[in-house]
Amino acid sequence: MTNAIDASELSFNDFKSIVINDYKIAFESRQASILGRREVLTGKAKFGIFGDGKEVPQLAMAKAFKNGDWRSGYYRDQTFAFATGISTIKEFFAQLYANPTEGADPFSGGRQMNCHFATKSVNEDGSWNDLTQIKNCSSDISPTGGQMARLVGLAYASKLFRQNKELDYLKHFSVNGNEVAFGTIGNASTSEGVFFEAINAAGVLQIPMAISIWDDAYGISVPAKYQTTKEDISEVLKGFQRNDDQPGYEIYKVKGWDYPALCEVYEKAIKVCRDEHVPVLIHVTELTQPQGHSTSGSHERYKSKDRLSWETEYDCIQKMRAWMVESAVATEEEIVEVEKNAKVFVRNAQKEAWNEFLDSIKPEQKQVVDLIRDIAKHQPELAKIAANLASIADAQRREVFAAARKAIRLSASFGSPERNDLLAWYKQQAKFNHDRYNSKLHTDGKESPDMIAVVNAIYDEQSKMVDGREVLNACFNENFARDPRLVAFGEDLGNIGDVNQGFAGLQAKYGELRITDTGIREMTIMGQGIGLAMRGLKPIAEIQYLDYLIFALNVLSDDLASLSYRTKGIQKAPVIVRTRGHRLEGIWHSGSPISMILGALRGMHLCVPRNMTQAAGMYNTLFRADEPAIVIECLNGYRLKEKLPGNVGDFTVPLGKAEVLEEGTDITVISYGSSLRIVQEAAEELSLLGISVEIIDPQTLLPFDTTRVCVNSLAKTNKLLIVDEDVPGGASAYILQKVLEEQKGYFHLDGQPKTLSAKAHRPPFGSDGDYFSKPSVDDVIETIYQMMHDANPTKYPSLF
Ligand SMILES: Cc1ncc(C[n+]2csc(CCOP(=O)(O)OP(=O)(O)O)c2C)c(N)n1
Ligand SMILES: [Mg+2]
């Protein structure tokens, strides 16, 4: 049975059964919220946030949502998820319990809080599913408004699929760009900057984005008067309304308890959005929170008696029920029957989910109890650990493993075959637990960057010396010709071909749909990339200067970098973030905040090429792979001459492979990006002083030197210096951890390892500002000389 309501084509009985079915879904959803809260308050789950009070508009939204469409929403949308089949009630509870067993929580593998949904875009081997055949839900995140940036990209993809005929062959991703990207957001979250940025971007781009605002007049305890000008977001946004002369939005306002009006508005709004590719905004007002915001508190603390009684009266389910009776769609008895069945159904689903969760741990509990009891035969004091564990009625995995580890520790001095059995069990389980709790930081599928064949650059006598930017330009040109999925966009990237001319001339050649200027809106440039990449395209999303990455860091960290992990690999977004950084001029054009990136963007690859040829090789790898990455080109390198490889669009630089740039015997210097040229220059003078420097370029910091080039060098030189332009204790500390701890480099040192970084402040403008703030050739020479002096003061007398 279809659930669409088109009264002209329906008999009354069909209409009636659709409405009753809708009511059933809403009522079940409410029961799930009520039971869910109880599960948290009785300690069976840690926290809960539910969609009660928002059920009815989501029924209407679900009706308008077709296969191939996308949702980018927030934690209130469980009713939509039930109505579309994106979630079952049992799965909802499995997520509430954080059940990591395969298939129990299909959205996040037990990793996300409840009501954080996602659908399966990617198969086990990393290949794409047919996204036109499913109702797609991009993985939810908890930061309020965080869904907005990605929403722009999801909608923008439809525009590209409709307008760029070269993409017609991508049958798995789109049917003529007919797909609508549905967003949902709470009224209070519209105060976030990313909301306004996204609304403006979609209006400019004219894309099929349908944003619903669930307005319950609160954001936790803070009422609308502190949130929104005029306390009315659609009123405020009226200037976005399109008219006969100017494109813009269609804006609708509808009461959230009015089921027939909601169905009508959604049908109308989504038709405009889908057919004309016009963004629409549906402001759904007068919604409630029957149980308050979340399980963290009660709303009686901050809502007045009047408000609370209004919420009871205007509860959308109650209103829908009254309408059904008044308009004779259903009798009281019929409704009571639906409600009775729904309660039983939800209760059973909850019980099943809880029992499955416990049953997944019980065998482990029993095994550990038995294994410890066996050891206790020789070591009676361990019997208590086994008894304690056995006595826990609903054991968590943590408790099972804490007991096992304690027993392993306490039996260390009493080796026995029984202890070996426990150890063997523990080691085997560690693999399963890694999969449950730690896997899939990267997609690691068949198109992982690791799997891309290494192709060396080819040079011959005819190879020309060109500006660095021309190497990039040639690389982009060849790849855009090869792969129609590639698109690039950013500030000044289209018409003039970016501020350093890497894309010069390419918009004219490949068209505005593929190489495009954007507004100054870093968050949604990243979101544009994420949405496109989730829908099978290959975006290069540009941040004009590395310093301005900070404006987009939330989107990259919360959404892109966590995507594979938080969905346990069922979604991916191979966005390539292109930017340029390191030393140039002034406080905001010479940034090298690498430790910020290392700290915030685990899950992405971080490429720090020393020149444009290496950058091109990395792009060639990334264009053929399917994981997200950030490439930082050297700001001061675009006009330096480099030799143009004959296979500039094909040669690849593998990620994680460090290179020895210059061999030496006295000291190992690790550096990257623009600093490498400084180190190389310093090494020339040092050789005159009789000091032989081995210079290593890790080329990528995530991953870092997977073949242990650094430690092998250290084994030879026994001295280590790290040079970079980050703050002291920034990326250089990360490199120390990698080389000294992970690669066990400490073992080879014969003196104190050193780091030479920029000063803790940003550099003043002008060459002198650079000289006194960033590591200079003089600084490198003197630091290395001092290290040699420390080791052998006779041979290297003090300089100062
Ligand atoms: C960036 C960010 N800031 C703060 C929070 C904490 N927080 C969670 S929900 C919420 C209120 C959201 O209110 P609203 O958008 O109206 O949605 P509602 O819960 O009312 O449906 C806040 C402040 C968060 N999750 N993310
Ligand atoms: Mg709200």
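The values are calculated or read from the model by the stated rules, or taken from the named source; none is laboratory data. All of these numbers come straight from a predicted model, not from anything done at the bench. Methodologically, a virtual Cβ is constructed for each residue, glycine included, from the backbone with ideal geometry; neighbour enumeration extends over all protein chains shown. Just the protein is used for accessible areas: all its heavy atoms, side chains included, with ligands, DNA and RNA removed. Shrake-Rupley method; radii C 1.70, N 1.55, O 1.52, S 1.80 Å.
Just a few scattered comments:
- The combined condition, being under 19 Å from E663 (Cβ atoms) and either touching a Ser or Thr at 6+ places or on another chain (Cβ under 7 Å) or at pLDDT below 95 (or both), is not fulfilled by S732.
- Test: residue in region 67-80 that is over 20 Å from the mean Cα position of the chain (by Cα), closer than 27 Å to R162 by Cα and among the small types (G, A, S): yes
- In region 181-195, the residues that are assigned to a strand (DSSP E or B) and more than 6 Å from ligand 1 (Cβ to nearest atom): A181, F182, G183, T184, I185
- Some residue of region 261-277 being within 16 Å of ligand 2 (Cβ to nearest atom) and of a type outside the set (S, T, Y): no
- Being over 27 Å from G531 (Cβ atoms), assigned to a helix (DSSP H, G or I) and open to solvent by 10 Å² or more (accessible area, probe 1.4 Å) is a condition met by no residue of region 60-72.
- Residues in region 189-198 that are open to solvent by 20 Å² or more (accessible area, probe 1.4 Å) and within 16 Å of ligand 2 (Cβ to nearest atom) were compared, and the one that is farthest from I525 (Cα to Cα) is S191.
- Within region 228-280, the set of residues being without any contact (Cβ under 8 Å) to a residue 12 or more places away in the chain and of a type outside the set (D, E, K, R) comprises T229, V236, G239, Q241, N243, Q246, A261.
- Enumeration of residues in region 709-735 that are within 29 Å of the chain's Cα centre (by Cα) and either surrounded by fewer than 21 Cβ atoms within 10 Å (Cβ to Cβ) or in a strand (DSSP E or B) (or both): V727, P728, G729, A733, Y734
- Exclusive hit being out of contact with any Pro (no Cβ under 9 Å at 6 or more places or on another chain), within 21 Å of M618 (Cβ to Cβ) and at pLDDT 95 or above, set R469, R419: R469
- Sub-6 Å Cβ pairs linking a first residue in region 504-528 that is within 20 Å of A201 (Cβ to Cβ) and of a type in the set (D, E) to a second residue that is at pLDDT 95 or above and part of a helix (DSSP H, G or I), at least 6 apart or interchain, are E522/Y548; E522/F551; E522/A552, ordered by first then second residue.
- Being under 17 Å from H277 (Cα atoms), without any contact (Cβ under 8 Å) to a residue 12 or more places away in the chain and open to solvent by 10 Å² or more (accessible area, probe 1.4 Å) is a property that does not hold for Q206.
- Unique match (being away from ligand 2 (no atom under 16 Å from the Cβ) and surrounded by 19 or more Cβ atoms within 10 Å (Cβ to Cβ)) among A217, A201: A201
- Residues being within 40 Å of the chain's Cα centre (by Cα) and surrounded by fewer than 18 Cβ atoms within 10 Å (Cβ to Cβ) - total across region 662-676: 2
- Looking across S360, S294, S327, one residue alone is under 28 Å from T184 (Cα atoms) and of a type outside the set (F, W, Y). It is S294.
- Of all residues in region 124-140, exactly one satisfies the criterion of being open to solvent by 10 Å² or more (accessible area, probe 1.4 Å), modelled with pLDDT of 95 or more and within 19 Å of the chain's Cα centre (by Cα), namely W128.
- Of residues in region 574-593 being among the aliphatic types (A, V, I, L, M) and in contact with a Phe, Trp or Tyr (Cβ under 8 Å, 6 or more places away or on another chain), the one surrounded by the fewest Cβ atoms within 10 Å (Cβ to Cβ): I587
- Count - residues of region 37-93 that are among the charged types (D, E, K, R) and away from ligand 2 (no atom under 16 Å from the Cβ): 11
- Residue match in region 171-185 (condition: modelled with pLDDT of 95 or more, within 11 Å of ligand 2 (Cβ to nearest atom) and over 22 Å from the mean Cα position of the chain (by Cα)): no
- Any hit, region 599-609, residues being without any contact (Cβ under 8 Å) to a residue 60 or more places away in the chain and open to solvent by 10 Å² or more (accessible area, probe 1.4 Å): yes
- For region 73-106, residues that are free of Cβ contacts under 8 Å to residues at least 24 places away in the same chain and closer than 14 Å to I49 by Cβ total 1.
- Counted residues, region 736-785 - those being within 24 Å of C710 (Cβ to Cβ), open to solvent by 80 Å² or more (accessible area, probe 1.4 Å) and without any contact (Cβ under 8 Å) to a residue 40 or more places away in the chain: 6
- Near pairs, Cβ below 7 angstrom, 6+ apart or cross-chain, from region 177-198 (under 22 Å from N136 (Cα atoms)) to any residue that is small (G, A, S) and surrounded by fewer than 24 Cβ atoms within 10 Å (Cβ to Cβ): N178/G68; E179/G68; I185/G145; G186/G219; F195/G145; F195/S189
- Of all residues in region 122-179, those satisfying the criterion of being within 16 Å of ligand 1 (Cβ to nearest atom) and among the hydroxyl-bearing types (S, T, Y) are S139, S142, T144.
Per-residue answers, yes or no, for (1) surrounded by fewer than 23 Cβ atoms within 10 Å (Cβ to Cβ); (2) in contact with a helix residue (DSSP H, G or I) (Cβ under 7 Å, 6 or more places away or on another chain); (3) in a helix (DSSP H, G or I):
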| residue | (1), (2), (3) |
| --- | --- |
| E478 | yes, no, yes |
| P484 | yes, yes, no |
| G497 | yes, yes, no |
| Q501 | yes, yes, no |
| Q507 | yes, no, yes |
| E512 | yes, no, no |
| G527 | no, yes, yes |
| G536 | yes, no, no |
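- Those helices (runs of 4 or more DSSP H) lying entirely in region 302-393 with at least 1 residues among the acidic types (D, E): 305-313, 316-326, 332-376
- In region 556-573, of all residues being touching a residue at least 60 places away in the same chain (Cβ under 8 Å), part of a loop (DSSP other than H, G, I, E, B) and at negative phi, the one that is surrounded by the fewest Cβ atoms within 10 Å (Cβ to Cβ) corresponds to S562.
- Criterion violated by F704 - all others in (1) assigned to a loop (DSSP other than H, G, I, E, B); (2) surrounded by 15 or more Cβ atoms within 10 Å (Cβ to Cβ); (3) out of contact with any Lys or Arg (no Cβ under 6 Å at 6 or more places or on another chain) satisfied: (3)
- Selected residue (only one of Q163, Q147 is more than 16 Å from ligand 2 (Cβ to nearest atom) and of a type outside the set (F, W, Y)): Q163
- Residue in region 239-260 that is modelled with pLDDT of 95 or more, in contact with a His (Cβ under 6 Å, 6 or more places away or on another chain) and more than 16 Å from ligand 1 (Cβ to nearest atom) present: yes
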